[in-house]
Amino acid sequence: MPLFDEYRPSQQRRPRQKDAQNGLCSFFNRLLTGEEVIRKSGPPNRVAVTFLPSAAKPQGEASRLSEGITQEKNLAPPLEADAILARLPESRRIGRTILVLEETGSTNDVAAQLGRAGAPEGTAVFAECQTAGRGRLSRRWESQARRGLWFSLLLRPALAQADWARLTTWAAVGVARGLEEALPGCRAAIKWPNDIYLGGKKAVGILCESAAGPGGYAVVGIGVNVNQTRADFPAELQERATSLRNASGGAPLDRHAAAAALLRQLDALYPALEHDFAAVVAEAQARSLLMGRTLTVHTPCETYAALAEALEPDGSLRVRCADGSVRRVAGGEVSITGWQ
Ligand code: BTN
């Protein structure tokens, strides 16, 4: 599927309507075994659930995050599902249900598990820490405990599945708007297809995955560096990665406010996925770091140099090669020549 980073074969079963009607909390609780529910609130269509790990993993335990980085989990206030929910409009689809896990492998896997079990569209799964966070092209994603927002959205867009690749562009624009709401005065740029840059450095990565077939679902995984300092990043990333905190003057940010801004903007833009996608593409192009620049395009089959010309109506990238030929790039990766 173009622009989607991974295709998962369908492993569907019919949605569990009865579970959804009888109470989403028990539905999620049964699915996410091994974790203790510490908070449940709201009627079934307004669920906020915060999960803690089993007693073997007390909060405050030092967790090894990556080479040379050890961090106390309790340095920052914990993420609370209720505190995000309280900042969202009643009518939303995205973030209609919010789960916060203390630790998991990858929130994309949890959201996919929920998708297979028939969980409602718009469910957002956050984790304070991911032990196997992944990025595009099978890269590892650093997910430091309580420093960022690591979350995945479960979606079932009312589009032909061939058009689900639009989610990549939608997510990039929605997240860019969310960052600008969270950080007034900042300008969020998009490095195609969906990395978000602040001040010339990457602050957000997005990983879209989908399962086709009847009852299929898409998962949009979003990793936002929020409160890292420069020293929190591994040495090899320090010149290329930033956080919202770094980009906005250095004071720690309230992750609940940032999470709510992102969910609000993604929700507000969701109808355009179906009804006004041309406007979403136009905004992605206006925010693009690539237009008019010379790129190196890496696809699974070849690597070549080309000039970035425009985004196509489906969100793919149109480039012009040195021999004048025009190509459409729908996957892989691009780097800006002479740039980091
Ligand atoms: C990239 O830049 O390559 C994409 C990074 C996506 C990271 C997020 S964090 C939440 C979700 N869970 C994952 O394992 N990955 C995504």
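The values are calculated or read from the model by the stated rules, or taken from the named source; none is laboratory data. This structure is a prediction, so every number in the text was calculated from the model and none was measured. Virtual Cβ from ideal backbone geometry, glycine too; neighbours counted across all protein chains shown. What goes into the accessible areas is simple: the full protein's heavy atoms, side chains included, and nothing from ligands, DNA or RNA. Shrake-Rupley method; radii C 1.70, N 1.55, O 1.52, S 1.80 Å.
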Exactly one condition in (1) more than 13 Å from the ligand (Cβ to nearest atom); (2) more than 16 Å from residue 171 (Cβ to Cβ) is not met by residue 240; state its number. (1)
Where residues in segment 137-167 are in a helix (DSSP H, G or I) and within 11 Å of the ligand (Cβ to nearest atom), which of them is farthest from residue 330 (Cα to Cα)? 138
Check whether at least one residue in segment 228-251 is more than 19 Å from residue 98 (Cα to Cα), assigned to a strand (DSSP E or B) and not small (Gly, Ala, Ser), and report yes or no. no
Would you confirm, using the coordinates I've provided, whether residue 145 is modelled with pLDDT of 95 or more, open to solvent by less than 10 Å² (accessible area, probe 1.4 Å) and not β-branched (Val, Ile, Thr)? no
Would you say residue 267 is more than 16 Å from the ligand (Cβ to nearest atom) and within 19 Å of the chain's Cα centre (by Cα)? yes
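Across segment 186-197, what is the total count of residues that are away from the ligand (no atom under 14 Å from the Cβ) and either at pLDDT below 95 or open to solvent by less than 10 Å² (accessible area, probe 1.4 Å) (or both)?
Final tally of qualifying residues: 1.
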Can residue 140 be described as on the phi < 0 side of the Ramachandran plot, free of Cβ contacts under 8 Å to residues at least 12 places away in the same chain and surrounded by fewer than 23 Cβ atoms within 10 Å (Cβ to Cβ)? yes
Residue 106 passes all but one of the listed conditions (1) open to solvent by 10 Å² or more (accessible area, probe 1.4 Å); (2) within 16 Å of the ligand (Cβ to nearest atom); (3) not aliphatic (A, V, I, L, M); the exception is number (1)
Looking for something open to solvent by 40 Å² or more (accessible area, probe 1.4 Å) and of a type in the set (A, V, I, L, M) - is there at least one such residue anywhere in segment 207-216? no
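If you take just the strands (runs of 3 or more DSSP E) that sit entirely in segment 61-115, which of them hold at least 1 residues that are at pLDDT 95 or above and touching a strand residue (DSSP E or B) at 6+ places or on another chain (Cβ under 8 Å)?
Here the list reads 98-104.
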Scanning segment 161-175 for residues that are surrounded by fewer than 24 Cβ atoms within 10 Å (Cβ to Cβ) and small (Gly, Ala, Ser), which turns out nearest to residue 212 (Cα to Cα)? 162
Would you confirm whether any residue within segment 125-136 is part of a strand (DSSP E or B), open to solvent by less than 40 Å² (accessible area, probe 1.4 Å), in contact (Cβ under 8 Å) with a residue 60 or more places away in the chain and within 9 Å of the ligand (Cβ to nearest atom)? yes
Could you tell me whether residue 220 is closer than 25 Å to residue 114 by Cβ, touching a Cys at 6+ places or on another chain (Cβ under 6 Å), open to solvent by less than 10 Å² (accessible area, probe 1.4 Å) and within 11 Å of the ligand (Cβ to nearest atom)? yes
Taking segment 285-301 as the region of interest, how many residues are in contact (Cβ under 8 Å) with a residue 12 or more places away in the chain and either over 17 Å from residue 331 (Cα atoms) or out of contact with any Gly (no Cβ under 7 Å at 6 or more places or on another chain) (or both)? 11
